[in-house]
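One structure is given here, and the rest of the page talks about it.
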Amino acid sequence: MADGDGSVESLDLLPSAVLATIMTNLDLPSICSLASTCRTFHSCASQILNFLPTFHLLEISPTVEFLRPLLPPNPFLRSLKVDCGQLDDSAIRLLLKPSLHELCLHNCADFSGKLLSEIGGCCKDLRSLYLSSVAEKRGRAIHIADLEELLSGCTQLEALTLMFDVSFFLRQNFARVWAMASEKLTSLEIGCIYSVTVTELLSQNLGVGNSMNRIVPSMWPNIEKLCLSVDYITDAMVGAISKGLISLTHLELQDAPIIEPRFSFDLTNVGLQQINQLSKLRHLSLVRSQEFLVSYFRRVNDLGILLMVDGCADLESICLGGFCRVTDTGFRTILHTFSNLNKLRVFHGIQLTHLVFHDISATSLSLKHVSLRWCSLLTNDAVKNLSLNKDLSYLDLRDCRSLRDEALRAIGTIPKLKTLLLDGSDISDAGLSHLRPLIMSSLVSLSVRCCKKLTDKSITVLFDGLSKIELHVLDLSNLPYLSDAAILQLTRSKFAISELRLRQCPLIGDVSVMALASMQVNEDQRHGSSLRLLDLYNCGGLTQLSFKWLKNPYFPRMRWLGVTGSLHRDLVDALARSRPFLHVACHGEELGADHWDSSDSFYMHHYDEVDEFEQWLFDGEDDDDIADDENDAELII
């Protein structure tokens, strides 16, 4: 900063207490970036790591060696969130702190069940615990004793999420162990469990256990939120949940049958009638996934919906997936009964038509989040009526293939829309013009994947001449007529896009990569500074030249990259080695991270251009080559 005579004073001349106060208000990556600039900041950062209350590092998968200096003994640490993709049991002592109240560990595939038992022994004051993919690598195992030590040790737990398979535990032992869970538990999420196990666990609350050593009827007495992924959603399980969990307000159930369920292992109208018998439920989700088998809830029809809504008048959100026999009558009943409904999601509603919404003006018009995916009979008229909900912020119409430009005209009148997903619809370049200027100035996420009619002109229609653009996420995948010219036009708009998907666009090639690498959002930012995710899988025009532009220092914030691994395999492997904190996907998998909230808000932090560890790794880059590359890019643009 400058004083009166024009001289410049350095920020590192501030008192250390002031610097420490400033740095404790930054997130961890920002602290690390600041520490790499000078010795004063490095010393200050080293000190505050000893009393930092939060440690969140989900953008990268650190190694033990990288974590060790960042996690010194810290009795004030309350919240720890880490992507454990490169960690194993050797990191347990480093991660676990007795002072923790919140612990979130993603991608724990290389850990064994020891992680659970150590958490129970060390983190006695935990209030919230999230674990995903534990022991999924071959040779790793979880024993029932590990789960027992976790539940018996963490007596203060209020929220528990176990996103891995717990169905292999014997049911008898499982019930005994879960009886040790904290009575303060209000939220429980389990990634994979048998419905029979759930039914038996909750039947203990009702006093119907057959064992002589009956568990006391206090299983999960204060649970308010329950999210389960099971083999089959059944009447028996739904009944046990509705009767056994007296405080339940949020219920999410999903199944993925591998064979068509029998009558006794399925959900019927009788099961739907049992939902919310205590009239406390506010959020309900019942979804039949088609991950393994094209299967539906074939034993539920409009009568079941009518029976359910009688006891659920106060619902605020509902998600129904795979109800193939429910018609417009059932869905219309939901809209007209739930006066507080703000979130409606329907998947595979194969009998849902525009008639559901024809008199929507007679409802409270309170919808803010609508998802109608794989509803093939939906037409433009339905969207016209939906647009009467002027507070709508999220609209998902993916795979509704009958939607055309008239639907876009209606969408263009929704002033608060933030997310719009139109994958597979029959829209054209001209139709997209209806999104200007009202929608494009506020939209944060847009997907037009597989809209086959769209061409390069669509980018001009959407972005040309707009001075204010809030868009951060854009999906242009599988557009056969989209070429490098469209991406050049996109880069000229200079908006701060963070996720760009161009997968399976045959006309996208090296020029697009060079343009994106050289793109500047603001004059004071480095090239490609805003992109954190770039999906180029199966783009037809990519050659070896593109990989030169995917190295540092280009795309300095990028954490996810999709490319075709079968071509230039050596280059892909070399890129992955040279950028250890870049997730390189080369088998066609969708990119992203489950800790990003992609519905209504976005996991956004400010990161410096190159983190200090990557900067150290690549100090040996050839600056002359980089300068030549930049000159080439300027000629192209």
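For the pair Asp573 and Gln47 in one chain, pulling the backbone fully straight at 0.36 nm per residue adds 185.6 nm over the alpha carbon distance. By the rule of a C-alpha distance below 18 Å, with chain neighbours fewer than 8 residues away ignored, the lysines paired with Lys416 are Lys343, Lys368, Lys384, Lys390, Lys468.
What would the Debye formula give as log10 I(q)/I(0) at q = 0.05, 0.09, 0.10 Å⁻¹ for the alpha-carbon point model of the chain, no solvent? Listed by q, the Debye log ratios stand at -0.26, -0.88, -1.08. Note on segment 363-469: percent of Cα-Cα distances in each 5 Å bin, starting at 0 and stopping at the bin with the largest distance, equals 2, 13, 25, 28, 20, 9, 2, 1, 0. In the context of the full set of protein chains, residues of segment 301-448 present 34 Å² of accessible surface per residue (probe radius 1.4 Å, heavy atoms only).
For segment 139-168, backbone nitrogen atoms closer than 16 Å to the point 7 Å from Ser289 Cα along Cα-to-C-beta are found at 162-168. The spacing between segment 293-367 and segment 377-420, judged by their C-alpha centroids, is 18 Å.
Full extension of the segment from Ala20 to Arg39, taken as 0.36 nm per residue of separation minus the current Cα-Cα distance, would add 5.4 nm.
The distance between label points at Phe168 and Ser361 comes to 6.0 nm (points 7 Å beyond Cα on the Cα→Cβ vector). In this simple spin-label approximation, Ser30 and Arg492 carry label points 7 Å from Cα along the Cα→Cβ vector, and these lie 3.5 nm apart. Here segment 5-122 was treated as a single set of alpha-carbon atoms; its pair distances binned every 5 Å from 0 give 2, 10, 21, 21, 17, 11, 7, 5, 3, 1, 1, 0, 0 percent.
In this structure, Glu65 and Arg298 have a Cβ-Cβ separation that, at R0 = 56 Å, corresponds to a calculated FRET efficiency of about 0.55. Measuring nothing but protein heavy atoms, the accessible surface of the chain at 1.4 Å probe radius is 52 percent carbon and sulfur.
Between Ile350 and Arg176, the FRET efficiency estimated from the beta carbon spacing at R0 = 41 angstrom works out to 0.40.
Full extension of the segment from Ser376 to Ser247, taken as 0.36 nm per residue of separation minus the current Cα-Cα distance, would add 42.7 nm.
The values are calculated or read from the model by the stated rules, or taken from the named source; none is laboratory data. Here the structure is a predicted model, which means the values were calculated and not measured. Every residue, glycine as well, gets a Cβ built from its backbone with ideal geometry; the counts of neighbours run over all protein chains shown. For the accessible areas, the whole protein counts, side chains as well, though only heavy atoms, and no ligand, DNA or RNA atoms are used. Shrake-Rupley method; radii C 1.70, N 1.55, O 1.52, S 1.80 Å.
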